[in-house]
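Right, one structure below, let's go through it.
The values are calculated or read from the model by the stated rules, or taken from the named source; none is laboratory data. This structure is a prediction, so every number in the text was calculated from the model and none was measured. Glycine gets a Cβ as well: all are built from the backbone with ideal geometry, and neighbour counts include every protein chain shown. The area values use the complete protein model at the heavy-atom level, side chains included, leaving out ligands, DNA and RNA. Shrake-Rupley method; radii C 1.70, N 1.55, O 1.52, S 1.80 Å.
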Amino acid sequence: MDSSLKRHTAFIKRMRQSIGTENRDHILKDIETLSLEKYIDEIAGATVEGVGRCKTEKDVWSAVEIISALHNRFSASFTPALVATLSVALSAPSRAALSALAPEQREKDDAARISRQRPILRVCAELALVGIIRDAPTRSGGEWIMKALKELLSNDPTLSSLPLLSTFLKSYSRPYLGLTPPSTKQIPTSSEPGTLSSATTNDAQNGAFPSLSKEEDELVEQDIRDRFKRMCEGYFDNVAKKLVIEHKRLQDQDRRNHEAYIRSGEIFEDRQQAYEKMTKGYEKLLASCQTLSELLYLPLPSLPTTSQKADSILIGANNASHLGDDTDETLTSGGKWEDEEERRFFEDIQDLKDFVPKSVLGLEGDAEGEGENDKDEEKEKLEKEKVAEEVRKLEEELEGLKLSEGSNGHAVGSTAISEMEDAKEDEDDTATPTPGSPKASTPPQSPHLAPQGPTQLLTSLLARLPDATNRALVDQAAVDFACLNSKAARKRLVKFLSQVAKNRTDLLPHYSRLVATLNRYMSDVGVDIVAILDEEFRYLQRKKNVVKELSEVRRKNIVFLSNLTKFRVVPPHLILHMFKVCLDDFSGTNVENIAMLLEGCGRFLLRSDDTRERFGTMLELMRRKQSMQHFDQQQLLLLENAYYQCNPPERAPRQEKERPPLELFVRHLIYDVLAKKTIDKVLKLIRKLDWEDASIQRTLHKVFTKPWKIKYGNLSLLAMLTYDLQRYHPGFAIAVVDQVLEDVRRGLEQNVYRTNQRRVATIKYLGELYIYRLIGSGIVFDTLWSLVTFGHPDGRPLPRQPCVLDMPDDFFRIRLVCVLLDTCGMCFDRGTQKKKLDNFLTFFQYYTHCKEDLPMDVEFMLSDSLEAVRPKLVMYKTIEEAAVAVDDMFNLAFQSSGTAPGEDSGEDSEDEGERPAEEEEEETYGSSTESPDKERAPSPDPVVVLAPQENLGPSEEADAEFAKELAKMVTDSSTESRKVDKKTALALWDSAVLPPGARKKRVDDNEADGDPEPNEQQNMMNFTVITKRGNKQQTRQLAVPSASALAVHTRSAQLQDRVEQQHLKRLVLNYEQREEAEEMKALEARNRAGAIKIRYVG
């Protein structure tokens, strides 16, 4: 055997890297040739590290083979060390270490641990089956595996080790648990009676898991298999229970989110993140539970489902019958609580005697209980007498209510306060029953509180109370305090609760629940708290003039009293008296106090049987005083909101519209079934409808012309469906297109905010209709120009100028243009359509600069849309640059159409010099509105900006080639050109003869001579005379009278040539258009024959 250090070091390093299939042969050879006795511990550690890097099943088998080889050589020294190391590798992490980590770090550590322990567990299972890991010399290692798994699962409250159990059961459920898949094969319909048993026998013989006839052939003992199976089934039951709990929590959270959305119109980000995190955890737990259910052949638990009903919207339910038929507007339908969660919080209070011994609560003798009952009866009688007196006073005040009551309200309030103080003094004279406190020698009952003293425990409990922000923590705090119950502890608790920070009103509902829980057996807690709050309320009434400094204190006082009232800790007559005191002096801070009382406990008082009548009377009194007194706008808003929150108006339940079955079927097809995979099926079903029936046609027309009712991503499918129906019902497709265009136009005319979502869907639908060739590009460009010009004076948007239908701060039309460009703008990338879109984008940039500063989202949408359509588009930074670009665009358009910018209207051209420079493009644009109809293509839309867009003409290269060919034709074959003498011909074609410098000079001279002397321009005609000296040409201007024969012939020849040139241009352009139309028809015919749907840009 080789004992060299170098080879042993290399062997251990190779073992650490991997003991999978790639190193198997080399490692086995080294095991046979190396001595290895001195390195057993290092080899055991390296083996575990190598096992952790095994990924596939073959790697696991290779690792088992290598470990078997080492076991054969060193069974006494290597195997125990390896088993101990594997046991440590499979141990669960300590809870203390996990609790110290952040949740994100804990998830990362759990994922790394699972990936490391998964191959180790598989290798251990294989080693136990082959006999390397044993519980005893004569027993297998099944119990070792079971204990290792039990330790992992029992110390895992977050169920992070559940994937390890799933991995184990996938491969080893048969040998370790004895599980075989049940026979669930369905009985074939072709089977004859009496053949079922034989078929089952054949299936058992050919099955993948044949039953073993002898127990000796099993690799794990029967008792271990049974225990292992019971352990896994028990663990599955626990996982199933947790799944049901998480399912209910998720449903409750979903319901709360829905109610919050109904109340506020949005779901806040923190609530949404918590819901998404809960959903992610629930889905992960559900997947793991389903995997365990399949592996253990156990049924999944039944998950309760709650119907999603929008009960919170139906404020007016039919529950007003118990209030009496003679009730007025103050008595409405609905319960005391807004939702079930609030009802559980205020009514489902735990009973302390179920958690704490009776001796601790002071419930020891029956005689004492009888005495308490007598005192309670006396107290109830006193309360009834006070209530009757209070009702009588309220009724008298209502009967004698006059307009002068507002002046002496303060005196009445003072009298009421003094009467309340006298009543309180009388009440203090009576004995208050209190349960007996436990003896000092009574040891604390809670085992985990035993090592410390009561004072330290109470201090710790009071320190934890500000963090008790949910029902479970408050209930646990009540149980802990009951274990420390004493008179001194109750005084400390009352003092602590009465000194809540004025900015922590969120704690008051939970503290009120704590007081209500303790008040059942420690009534002095509730009495003392109410007395302190009552005294504080009286003090605040005396300090009514101090408004700002005590506003938060007033709010804390009213909120605390309101929550205690809903827990029935505050007596009804006391809270009603406070409401009456504020109502007597109905001004200043008392207006806010009444509003907070109505919001806090008004709904509860109005719907409780014992306070309904009195509180309804007070509400009526408050409404009368509110109508007679003068309040500012803020106070009126406070009172109105509080009143309608306490007593919401009745609303009838929303009636669902009744629809015929065929309409429901069509709506189901379009709204629910329509998808990429089902569009052919939907088309067939729609074609099978009775298209001759007028009601069916109306239903289909409504569904196909309301794109905002389907999913936004399915608009392309709806357009595709319309295109397919066009082959069989062309009139239907035409009606759909007409209605969509009408909806676009109606949206521009009305510009109602609530229809914006519909307008976006309609514009998107229009673009999809173009993609499927139901409309032409002209309609798309008409719509684009309408979006930026409709409603503006003379169709011209002006910078920062208000327009009724398109204000400068209204950016919705920009959104519509971006949606249409995103839908079909990429189709306009060649030919005349590319030029049209470029011209529109130039004007569109000018339109955006006419608006105020764009919001960030609109600016991003605009940049994304323009970049997608024209990645290299030059963006104009200022409105001046955009105005110059628009001016150049329109000038070029007029030149291409054969007219000059100032030819159409002399008035406009005269006024141009008097107007500001920034309005030149609008004037040029406006001059096109008065051009003759024969010079622009007809358009059904009166938006005048369409005229230059339709007559842009061919490009510059095409113009040059056309002029060349025209000159050749006129020179060769025109009979009129032969009648003109050489001088006239030279004057006619001077552009082909004159050099560039002379041509430019001639134009400049004409411009210079034409403007200052218009009379001379009318009587004379300029000619260019070319002379040649040597190789140098010279030009000279010659003025000829307009009445001369030369001038007359030249002018007639020019006019005739211009007419011929325009005629030939129209012929050539019409010929090109006919060729394009024929190519399009041929392509459509080929596509229709091949049943291929493509997007054609044309």
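Between residue 860 and residue 472, the simple spin-label model (points 7 angstrom out along Cα→Cβ) gives 3.8 nm. Dividing the convex hull volume of the alpha-carbon atoms in region 59-167 by its residue count gives 102 Å³ per residue. A Förster distance of 30 Å, applied to the separation of the beta-carbon atoms of residue 100 and residue 251, puts the FRET efficiency at 0.35. Shown are 176, 644, whose ranking by accessible area with a 1.4 Å probe and every protein chain present, most to least, is 644, 176. Taking region 775-806 and a reference point 7 angstrom along Cα→Cβ of residue 1082, no backbone N atom is nearer than 20 Å.
Across region 455-646, C-alpha contacts under 8 Å between residues 6 or more apart give a mean separation that, scaled by the residue count, equals a relative contact order of 17 percent. With N as its number of residues, region 1032-1089 has a Cα radius of gyration that, divided by 2.2 N^0.38 Å, comes to 2.24. Once the C-beta distance of residue 531 and residue 644 is scaled by a Förster radius of 30 Å, the resulting FRET efficiency is 0.35 to the nearest 0.05. Only alpha carbons enter this Debye calculation for region 659-714, each as an equal point scatterer, and the log10 of I(q)/I(0) it gives at q = 0.17, 0.31 Å⁻¹ is -0.52, -1.45. For region 53-96, what class follows from the C-alpha gyration tensor (a ≥ b ≥ c being the square roots of its eigenvalues): rounded when a/c is under 1.5, otherwise prolate if a/b is larger than b/c, else oblate? Because a/c hits 1.5 or more and a/b fails to exceed b/c, region 53-96 counts as oblate.
Mean projected area of the convex hull spanned by the Cα atoms of region 718-856, taken over all viewing directions: 8.9 nm².
Working from label points 7 Å from Cα in the Cα-to-Cβ sense, the residue 735 to residue 3 distance is 10.2 nm. Accessible area of residue 474 (1.4 Å probe, protein heavy atoms only, ligands and nucleic acids ignored): about 10 Å². Assuming charge only on the beta carbon of Lys and Arg (+1) and of Asp and Glu (-1), the dipole of region 48-118 about its Cα centre is about 40 debye to the nearest 20. Computed from the Cβ-Cβ distance with R0 of 30 Å, the FRET efficiency linking residue 32 to residue 55 stands at 0.70. Modelled spin labels at residue 742 and residue 1025, positioned 7 Å past Cα toward Cβ, are 7.2 nm from each other.
Seen from residue 61, the other residues with C-beta closer than 11 Å to its C-beta sum to a net charge of -1, counting Lys and Arg as +1 and Asp and Glu as -1. Against the empirical 2.2 N^0.38 Å (N residues), region 661-894 has a Cα radius of gyration ratio of 1.11. Taking the three principal axes of the alpha carbon atoms in region 455-646, the coordinate ranges are 57, 38, 26 Å, sorted in descending order.
At full extension, residue 343 and residue 803 could sit 160.3 nm farther apart than now, given 0.36 nm per residue minus the alpha carbon distance. With the charge dipole of region 249-305 set up from +1 on Lys and Arg Cβ and -1 on Asp and Glu Cβ about the Cα centre, the Cα lying farthest toward the positive end among the listed residues 292, 279, 261 is that of 292. If only the Cβ of Lys and Arg carry +1 and only the Cβ of Asp and Glu carry -1, the dipole of region 455-646 around its Cα centre is close to 280 debye.
Over the C-alpha trace of region 249-305, radius of gyration and Dmax come out as 14.9, 47 angstrom. Cα convex hull, region 567-693: 234 Å³ per residue, rounded to a whole number.
Taken about its Cα centre, region 1032-1089 carries a charge dipole of about 340 debye when Lys and Arg each add +1 at the Cβ and Asp and Glu each add -1 at the Cβ.
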